[in-house]
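Below is one structure; the comments refer to it alone.
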Amino acid sequence: MYQNVLEWLENTSEDKFDKVIYKDVDNSITFKEVMDKSKAIGSGILEYEYTDKPIVVLSDRKVNTPVIFFGIIYSGHCYAPLDGTQPEFRLASIAQSIKPDYIIADEKFYDMAAKIAPDAKLLKAEELMESAICEEKLQKVRSVASITDPLYIIYTSGSTGVPKGVITSHESLMCYIDAYVEVMGIDDSDVLGNQSPLDYIAAIRDIYIPIKCKASMFIIPKQYFSLPAKLFDALNEEKITSVGWSVSALTIPATMGAFDYTTPKYLKKICFSGSVMPGKVLAVWQKHVSDALYVNQYGPTEATASCTYYKVDHQVEDDEKLPIGRPYRNYRVFLLDEEDKPVPVGSKGQICVGGPILALGYYNAPELTAKSFIQNPSNNSYRELIYKTGDLGSYDEDGILHFHGRMDRQIKYMGHRVELGEIEVAALRVDNMHECCVIFNSEKDQIMLFYTGECTSKEIAVELRKTLPGFMVPRKVIGLDNMPRLSNGKIDMQALKNYKSNK
Amino acid sequence: MRDELIEILEEIRPDVDFENEENLITDGILDSIDVVSLVGEIDEAFDVQIHVEDLTPDNFNSVDAIIALIEKIQDED
């Protein structure tokens, strides 16, 4: 039984040493290089005084980024990845919640690292990679490691305006990757196509599957996802066989007619997640890439990215709503009603999840952790933690889970989890903003901000870009003289949803 | 056409100085959310159909490039 993800890397046989594991548009790196460089980074970190805090990584989408993660694991620490292309304000607020002793950045982000974590020591990734490997020290670290040690902290949108740091253990990560690889049938012949930023939960597959399965992974440039013809060319040039993408990444090529241009010839395994897949989009993909396996995945970061999967076993109809399927191996997924009682087959309840894939909690947030990860209310006999997802579901008679939306104001947009409240908190920081309300127009697939105040929509957009990632900035900003209200004084969100521009 | 296009662009991204940007796509200023919104709005406003082959960085890097693309498509019709 494995107890540390690095054992996956270390059991790489010699005949795979020269195989390319990660590739981006500028560089590629082999298994052997990853093994050597990550040990060098780990040894380099161990030259410094030990800290029990996570080490922050400031980087972006390139082949060396996973190597830095592995180096930190070698040094016996857990890593908190941050994409340096995010707004400084957001990076700084996350760094503040971690209060790291060390931050590792590559050359592009030295300055940003100093700005967002002025009290942390900056370790330069390029210099760490040149450190001499000290097997003895690395061995000593490993000898006291446990499978339940924290592996990484990934930040996700929080409704109060502060992102939440979800802590995941080696055990949880390995459980999920094992289960995913089994469902998708991935092996060393596969080439994965990475879509997600590497600090985001969806990227854990693209980072860890290659070391487990001896597969390769190509980091597809972000712009290609706006330019579907370029995207399909890249899939064919790199002979990409397997992708785990957000629904939006599959929607854009289908709706923009990319299949009239060409077809991804090598793609055989397609997993999508992040939001509900429109039947008409999947139908287009199935028509043009007919012999691929399509899997609908559902699950939150708090359960290591996932809960359930559904293998699509038929040609879908345009208006079909896919189920979210069955729990992955080692996952316990069940429904509770408002009184925390189990829900009978066919009825709706809140989707709850438990098992070794459960996160260790939120970093530096004991109260939020205690509130979110709770004792299973139907178990009075021993300690059993579960996470309540805030999603509604129902089981059918075949044991297949169906999804029925959120219980609160969290949405999924372009594959990302977005708390509409977090956008409002950010918008209220804009000067001369009186009041605002953010709604999601699901018909147009658009986040809309309504506000009252003397500020202009331009000022709001400029300010929001300083504090929020691009996908959270509303592309429709509408000034009103008065907010529509319900008789109890609350903002009438339904009226805003029905708002029609009189232009 | 230019004014109408800039109005469309500024509605989607009021924070960008479209008159002076020459690398809207190459520099990642416009992301996929922006491009998808933009293509829909252009198709509607100028009664054209932008095809997937037209979605290249060169065609979308600047206001002038987008105008050239729209005019090219209009001429072909």
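Of note:
- 12 Å beta-carbon shell around A:ASP101, net charge (K/R +1, D/E -1): 0
- Spin-label model, A:ASP188/A:PHE89: points 7 Å from Cα along the beta carbon direction are separated by 5.0 nm.
- At most 12 other Cβ within 10 Å, DSSP loop - GluC sites (Glu not before Pro), region A:19-122: A:GLU49
- Viscosity 1.002 mPa s, 20 °C: Kirkwood-radius Stokes-Einstein D of region A:135-235 over Cα pairs, µm²/s: 134 µm²/s
- Taking amide H as placed 1.01 Å from N in the peptide plane, A:GLY84 has its amide H under 5 Å from the amide H of A:SER59, A:ASP60, each at least 5 places away in sequence or on another chain.
- Whichever lysines have a C-alpha closer than 18 Å to that of A:LYS500, once near sequence neighbours (fewer than 8 apart) are set aside: A:LYS444, A:LYS476
- Per-pair calculated FRET efficiency, R0 = 60 Å: A:ILE491 and A:ASP15 via Cβ, rounded to 0.05: 0.40
- Contact order for region B:2-76, expressed relative to its length and based on alpha carbon pairs under 8 Å spaced 6+ residues apart, stands at 37 percent.
- Cut-off under 5 Å, modelled amide H: who pairs with A:TYR102 long-range: A:VAL56, A:LYS121
- Efficiency of FRET from Cβ geometry, A:TYR48 and A:ILE400, R₀ 56 Å, rounded to 0.05: 0.65
- Under 15 Å, Cβ to Cβ, from A:VAL162 - net charge with Lys/Arg +1 and Asp/Glu -1: +2
- Pairwise label distance in nanometres, B:ASP3 with B:ASP47, each label 7 Å out on the Cα-Cβ vector: 2.0 nm
- The distance linking region A:198-225 with region A:1-76 is 14 Å (Cα centroid to Cα centroid, whole angstrom).
- Once the C-beta distance of A:SER290 and B:ASP75 is scaled by a Förster radius of 41 Å, the resulting FRET efficiency is 0.65 to the nearest 0.05.
- Computed over the protein assembly as shown, the range of Cα coordinates on each principal axis works out to 70, 55, 53 Å, biggest value leading.
- Summary value for region A:28-145: 33 percent relative contact order, contacts being C-alpha pairs under 8 angstrom separated by 6+ residues.
- Cα centroid of region B:16-39 to Cα centroid of region A:276-339, whole Å: 33 Å
- The simple spin-label model puts a point 7 Å past each Cα toward its Cβ; for A:GLU127 and A:ASP431 those points are separated by 4.0 nm.
- Charge tally around B:PRO14: other residues with Cβ under 12 Å, Lys/Arg +1 each, Asp/Glu -1 each, net -3.
- Under the criterion of Cα pairs below 8 Å and six or more residues apart, the relative contact order for chain A equals 12 percent.
- Cα convex hull of region A:329-406, projected area averaged across orientations, nm²: 5.9 nm²
- Counting lysine pairs in region A:317-433 that sit 8 or more residues apart in sequence, or on different chains, and whose Cα atoms lie under 19 Å apart gives 7.
- The shape of region A:414-497 can be summarised by an equivalent ellipsoid whose semi-axes, obtained from the alpha carbon gyration tensor, come to 19, 17, 11 Å from longest to shortest.
- Across region B:14-65, the fraction of Cα-Cα pairs farther apart than 14 Å, rounded to a whole number, is 54%.
- Separation of region A:156-173 and region A:451-503, taken as the distance between their Cα centroids, equals 28 angstrom.
- Under 16 Å from a label point set 7 Å out along the Cα-to-Cβ vector of B:ILE67, the amide N atoms of region B:31-52 belong to B:46.
- Stretched out straight at 0.36 nm per residue, the stretch from A:SER381 to A:THR456 would grow longer than its current Cα-Cα span by 21.2 nm.
- Ellipticity estimate at 222 nm from DSSP helix runs (n ≥ 4, -39,500 (n - 2.57)) divided over chain A, nearest 500: -8500 deg cm²/dmol
- A:THR30 long-range amide H proximity, modeled H, under 5 Å: A:ILE21
Just so you know, all these numbers are worked out from the coordinates, no wet-lab data involved. What you see is a predicted model; the values in this text were computed from it and never measured. Don't worry about glycine lacking a Cβ; one is built from the backbone with ideal geometry, like all the others, and counts go over all protein chains shown.
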